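Q: Pasting a structure below so you can have a look.
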Number of protein chains: 2
Amino acid sequence: VKRAATAGYGAEIIEYDPEETTREELSAKIRDERDLILIPPYDHPHIIAGQGTAAFELFTDHPDLDYLLTPCGGGGLLSGSAIAAKGINPNCKVIGVEPELADDATRSFYSRKLQTVKNPPTIADGTRTPSLGNNYTFPLVLDYVNEMLTVTEEQIKMALRFLFTRMKLVVEPSGALGIAALLSGKLQPEGKVGVILSGGNVDNKIFSTILLEGS
Amino acid sequence: VKRAATAGYGAEIIEYDPEETTREELSAKIRDERDLILIPPYDHPHIIAGQGTAAFELFTDHPDLDYLLTPCGGGGLLSGSAIAAKGINPNCKVIGVEPELADDATRSFYSRKLQTVKNPPTIADGTRTPSLGNNYTFPLVLDYVNEMLTVTEEQIKMALRFLFTRMKLVVEPSGALGIAALLSGKLQPEGKVGVILSGGNVDNKIFSTILLEGS
């Protein structure tokens, strides 16, 4: 569905084999060949600032939140959300959530050394990034985030079913990581909790399968 | 899912065979036996007023809408929405939408005589009501509604898929009738169009099947 939506906006789509190269290498090569400007998906101040606007709006309405749970892939959404949250309420605890199968940011956070992961087979495809960004998002996550958590694939699916059944929302697996962490019971927060839900680009067949597994 | 949700709120659930009696007969009998108060699902001024609050909010924000499309089952939502819309913008055209398989209100509207339907096999289960309400909703629909339209089962399913894929919303078949009418092309409105989406109580298995049919 992401490919179809991208094509729908008129994009030229170039395929690659993730076993042979990386998205970063290939896009740098194409940029150089065609003299283009590269818009990085997360490791850039503008992207981070833009990703932080949802949390900014949330904290503008509810400055007294005690926790903020945010999905983490490349760390753009997490670092932007953390900056916005802490800027309005420095006492709020910001927690990043990753799939267990793509736990590079969690390992990076606790070892304070950038760790990587290669093509993790998680259903949360927005978190299949190789690592946090070396230039911006890794340092920002270290500075602004209080805790990192991981959730299982089954917990992610449970979160999708909960959002579908109870909230009537279609959220993609990566976007539901914060709810997955809450429902998993791994975190037992006291006080008011905010959760960033991000993205609804989920394939109908995959979503149907997840729904039926829970029936 | 409606049954499970109702039981979840602590209700006593009484089953009946729609071939043998009607909901109205059975509930009147139970009311008399147990000296209870009956809350009718649509044919009552309080229900109609409550159902009209969504359109009231919509027109408070957007008083210049040229059209309002609203699902129609028993007519509570439609008559309440029409009163609210016309109260704020008398020039707005209010259009009620029914499944072709349960077109009793459309036939009632154009014949100006109350028509019925018996257990119509439409996927839009919220519109399986036998008729508009004789006391309130039928007269109100005649007075306040400009037009009635019907849509096919396939058009209802298309609307559900559109809402899922493009709006990231889970809407039950009955609730998506207004969007179904728009997407069907049966109505070619000019100007600003408002649509009431009502209800998200849809069985996971049924929803999955509808999603997969469109893949």
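Q: If a residue must be surrounded by 11 or more Cβ atoms within 10 Å (Cβ to Cβ) and modelled with pLDDT of 90 or more, how many such residues does region A:1-24 contain?
A: Total meeting the criteria: 4.
Q: State which residue pairs qualify: first residue among the β-branched types (Val, Ile, Thr) and inside region A:1-26, second residue surrounded by 10 or more Cβ atoms within 10 Å (Cβ to Cβ) and in a loop (DSSP other than H, G, I, E, B) in any location, beta carbons under 7 Å apart, and separation of 6 or more residues or different chains.
A: A:Val1/A:Asn201; A:Val1/A:Val202; A:Val1/A:Asp203; A:Thr22/A:Pro130
Q: Next question, about the same structure. Could you list all residues from region B:28-48 that are surrounded by 11 or more Cβ atoms within 10 Å (Cβ to Cβ) and either over 17 Å from B:Asn134 (Cα atoms) or in contact with a Leu (Cβ under 6 Å, 6 or more places away or on another chain) (or both)?
A: B:Lys29, B:Ile30, B:Arg31
Q: Are any of the residues in region B:33-40 touching a residue at least 12 places away in the same chain (Cβ under 8 Å), within 19 Å of the chain's Cα centre (by Cα) and in a helix (DSSP H, G or I)?
A: Scanning region B:33-40, I find no residue that is touching a residue at least 12 places away in the same chain (Cβ under 8 Å), within 19 Å of the chain's Cα centre (by Cα) and in a helix (DSSP H, G or I), so the answer is no.
Q: When you go through (1) among the acidic types (Asp, Glu); (2) free of Cβ contacts under 8 Å to residues at least 12 places away in the same chain; (3) closer than 23 Å to A:Gln51 by Cα one by one for A:Asp125, which number turns out not to apply?
A: A:Asp125 satisfies every listed condition except (2).
Q: Considering region A:106-156 alone, what residues qualify as being charged (D, E, K, R) and more than 18 Å from A:Ser198 (Cα to Cα)?
A: A:Arg107, A:Arg112, A:Lys113, A:Lys118, A:Asp143, A:Glu147, A:Glu154
Q: Further question on the same structure: Which residue out of B:Gly191, B:Gly199 is in contact with a strand residue (DSSP E or B) (Cβ under 9 Å, 6 or more places away or on another chain) and over 21 Å from B:Thr127 (Cα atoms)?
A: One residue alone meets the criteria, B:Gly191.
Q: Would you check if B:Thr129 is within 14 Å of another protein chain (Cβ to nearest Cβ) and modelled with pLDDT under 95?
A: No: the conditions fail for B:Thr129.
Q: Of everything in region A:166-208, what is β-branched (Val, Ile, Thr), more than 8 Å from chain B (Cβ to nearest Cβ) and touching a Leu at 6+ places or on another chain (Cβ under 9 Å)? Give them in sequence order.
A: A:Ile179, A:Val193, A:Val195, A:Ile196, A:Val202
Q: If I filter region B:194-215 for residues that are acidic (Asp, Glu), more than 18 Å from the chain's Cα centre (by Cα) and either modelled with pLDDT of 95 or more or over 26 Å from B:Ala84 (Cα atoms) (or both), do I get at least one hit?
A: Looking through region B:194-215, at least one residue is acidic (Asp, Glu), more than 18 Å from the chain's Cα centre (by Cα) and either modelled with pLDDT of 95 or more or over 26 Å from B:Ala84 (Cα atoms) (or both).
Q: Please work out which one of (1) at pLDDT below 95; (2) within 21 Å of the chain's Cα centre (by Cα); (3) surrounded by fewer than 13 Cβ atoms within 10 Å (Cβ to Cβ) is the condition A:Glu57 fails and give its number.
A: (1)
Q: Can you find a residue in region A:63-78 that is touching a His at 6+ places or on another chain (Cβ under 9 Å) and at pLDDT 95 or above?
A: Yes: region A:63-78 contains one or more residues that are touching a His at 6+ places or on another chain (Cβ under 9 Å) and at pLDDT 95 or above.
Q: Restricting to region A:1-26, and then to whatever is closer than 24 Å to A:Val202 by Cβ and assigned to a helix (DSSP H, G or I), can you tell me which residue is nearest to the chain's Cα centre (by Cα)?
A: Residue satisfying both the conditions and the ranking: A:Lys2.
Q: Only one residue in A:Ser81, A:Ser27 is of a type in the set (S, T, N, Q) and under 25 Å from B:Met167 (Cα atoms). Which one? Before the answer, list the steps.
A: Details: A:Ser27 fails: under 25 Å from B:Met167 (Cα atoms).
Checking each option against the conditions leaves just A:Ser81.
Q: Output the qualifying pairs, or none if there are none: Cβ atoms under 6 angstrom, residues six or more apart or on different chains, first residue in region B:136-161 and in contact (Cβ under 8 Å) with a residue 24 or more places away in the chain, second residue of a type in the set (Ser, Thr, Tyr) and surrounded by fewer than 22 Cβ atoms within 10 Å (Cβ to Cβ).
A: Note: pairs meeting the criteria are B:Thr137/B:Tyr42; B:Met148/B:Thr106; B:Thr150/B:Thr106; B:Val151/B:Ser184; B:Gln155/B:Ser184.
The values are calculated or read from the model by the stated rules, or taken from the named source; none is laboratory data. The structure displayed is predicted, hence computed values, not measured ones. Ideal geometry is used to build each Cβ from the backbone, glycine not excepted, and the neighbour counts take in all protein chains shown.
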